[in-house]
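The values are calculated or read from the model by the stated rules, or taken from the named source; none is laboratory data. All figures in this text were calculated on a predicted structure; none of them were measured in a lab. Here the Cβ positions follow ideal geometry from the backbone for every residue, glycine too, while neighbour counts run over all protein chains shown.
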Ligand code: CP
């Protein structure tokens with residue numbers, strides 16, 4: 001493994017190993033303070049970020065390395081129309097590893113194909129955000145002491161929330177996990193997540209619109225923001241944005257050792273009064289992100305091998321159908337082949353290689 005695009009690129013063993021390294025970094029930071037001396041991380045952020053970009057930069061600095069990059073596309077040649085492929089090809093000559101965030105789904109796949117250095121997906125539209133998932137897993141391990149035998153409530157935007165999809169995908173690989181999926185009807189978890197992830201892994205789940213209905217059963221409550229930037233209609237956003245506001249009253253029946261998480265930024269989904277409750281873990285979660293990113297940078301810089309096995313065995317359609325997802329990188333990147341991969345042989349379903357949209 002050389003790049004990290006999707007949390008599924010990591011085996012359970014690799015995730016457990018990253019968590020162990022992160023825990024060792026927390027306990028013994030001095031042992032790691034020169035591990036990346038002479039190495040450079042490039043942070044290419046085509047979309048806003050506070051935690052992901054700054055924790056990556058802090059992680060590399062804490063490892064003794066250096067950082068370069070940009071925090072918004074207007075300060076790069078993307079503003080002049082330069083493609084992701086060209087940007088990455090050029091920046092690879094200036095650094096040893098790249099963390100990239102892009103609003104178009106699948107942009108990091110284009111990047112990994114052109115890059116001579118490891119690519120870390122720091123978020124691609126509503127698609128994947130694997131280092132947030134690693135952050136979440138480290139938080140759960142640190143706060144609950146385990147990654148199995150948990151009832152996890154996830155609340156808010158379960159339709160567009162990339163952190164939600166990646167977290168569910170990752171947690172489904174551990175034993176005895178149950179989900180309580182709390183959302184308005186319009187923002188329910190997509191059917192493909194139910195079929196391809198929950199059902200396939202025989203993981204039980206309940207869907208509800210009521211945040212208090214199952215509060216007393218939860219070990220984890222993962223709150224999410226209704227993301228304005230993912231809505232095409234401003235009216236829909238305004239109608240749904242205040243669907244859930246967690247306050248102390250709603251926590252009355254919650255377990256004493258509930259772990260409240262949120263990938264942040266928060267708008268108003270969690271009352272600031274909850275911040276002082278011992279169950280509020282979201283600021284600690286943001287800090288854990290730095291430690292797991294330190295572990296990830298070390299891992300990727302130490303791995304030379306590119307695993308192309310998956311690439312070789314896949315059945316593909318090339319330039320036979322066009323991706324209909326306007327948020328897909330194929331809608332903007334010049335001369336990018338339209339590649340669809342046979343993901344479900346039984347039902348003859350092909351999905352876009354970049355954004356996973358079903359081919360039609
Ligand atoms: N959680 C997260 O991705 O935060 P930022 O958008 O601030 O990076």
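A compact table of results
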quantity	calculated
Residue within the range 127-145 that is touching a helix residue (DSSP H, G or I) at 6+ places or on another chain (Cβ under 8 Å), surrounded by fewer than 23 Cβ atoms within 10 Å (Cβ to Cβ) and in a loop (DSSP other than H, G, I, E, B) present	no
Filter result (at pLDDT below 95 and either under 23 Å from residue 25 (Cα atoms) or more than 16 Å from the ligand (Cβ to nearest atom) (or both)) within the range 62-82	74, 75, 76, 77, 78, 79, 80, 81, 82
Qualifying residue in the range 43-64 (condition: without any contact (Cβ under 8 Å) to a residue 40 or more places away in the chain and in contact with a strand residue (DSSP E or B) (Cβ under 6 Å, 6 or more places away or on another chain))	yes
Residue among 242, 235, 277 that alone is over 28 Å from residue 48 (Cα atoms) and not assigned by TED's automatic domain parsing to the domain that holds residue 82	277
Residue match in the range 51-61 (condition: more than 16 Å from the ligand (Cβ to nearest atom) and over 18 Å from residue 130 (Cβ atoms))	yes
Hits in the range 217-239 (condition: more than 23 Å from the chain's Cα centre (by Cα) and either in a loop (DSSP other than H, G, I, E, B) or buried (at least 18 other Cβ atoms within 10 Å of the Cβ) (or both))	233
From 106, 81, residue being over 20 Å from the mean Cα position of the chain (by Cα) and within 21 Å of residue 325 (Cα to Cα)	81
Single match in 197, 164 (criterion: touching a strand residue (DSSP E or B) at 6+ places or on another chain (Cβ under 6 Å) and over 23 Å from residue 253 (Cα atoms))	164
Number of the exception - residue 12 against (1) touching a residue at least 40 places away in the same chain (Cβ under 8 Å); (2) under 27 Å from residue 166 (Cα atoms); (3) buried (at least 16 other Cβ atoms within 10 Å of the Cβ)	(3)
Residue tally, condition in contact with a strand residue (DSSP E or B) (Cβ under 9 Å, 6 or more places away or on another chain) and buried (at least 23 other Cβ atoms within 10 Å of the Cβ), over the range 282-300	4
Only one of 111, 122, 99 that is surrounded by 24 or more Cβ atoms within 10 Å (Cβ to Cβ), assigned to a helix (DSSP H, G or I), touching a helix residue (DSSP H, G or I) at 6+ places or on another chain (Cβ under 9 Å) and at pLDDT 95 or above	111
Residue within the range 322-334 that is out of contact with any helix residue (DSSP H, G or I) (no Cβ under 6 Å at 6 or more places or on another chain), loosely packed, with under 14 Cβ neighbours inside 10 Å, more than 30 Å from residue 29 (Cα to Cα) and modelled with pLDDT under 90 present	yes
Filtered residues of the range 40-81 (kept if buried (at least 18 other Cβ atoms within 10 Å of the Cβ) and part of a loop (DSSP other than H, G, I, E, B))	46, 47, 49, 63, 65, 71
Residue identified as more than 16 Å from the ligand (Cβ to nearest atom), part of a helix (DSSP H, G or I) and under 26 Å from residue 50 (Cβ atoms) among 290, 299, 284	299
Residue list for the range 251-281, restricted to those being in a loop (DSSP other than H, G, I, E, B), crowded, with 18+ Cβ neighbours inside 10 Å and either more than 12 Å from the ligand (Cβ to nearest atom) or free of Cβ contacts under 8 Å to residues at least 24 places away in the same chain (or both)	251, 254, 258, 269, 281
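Per-residue answers, yes or no, for (1) modelled with pLDDT under 95; (2) under 18 Å from residue 128 (Cβ atoms):
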position: 164; (1), (2): yes, yes
position: 172; (1), (2): no, yes
position: 179; (1), (2): no, no
position: 192; (1), (2): yes, yes
position: 196; (1), (2): yes, yes
position: 204; (1), (2): no, no
position: 215; (1), (2): no, no
position: 221; (1), (2): no, no
position: 228; (1), (2): yes, no
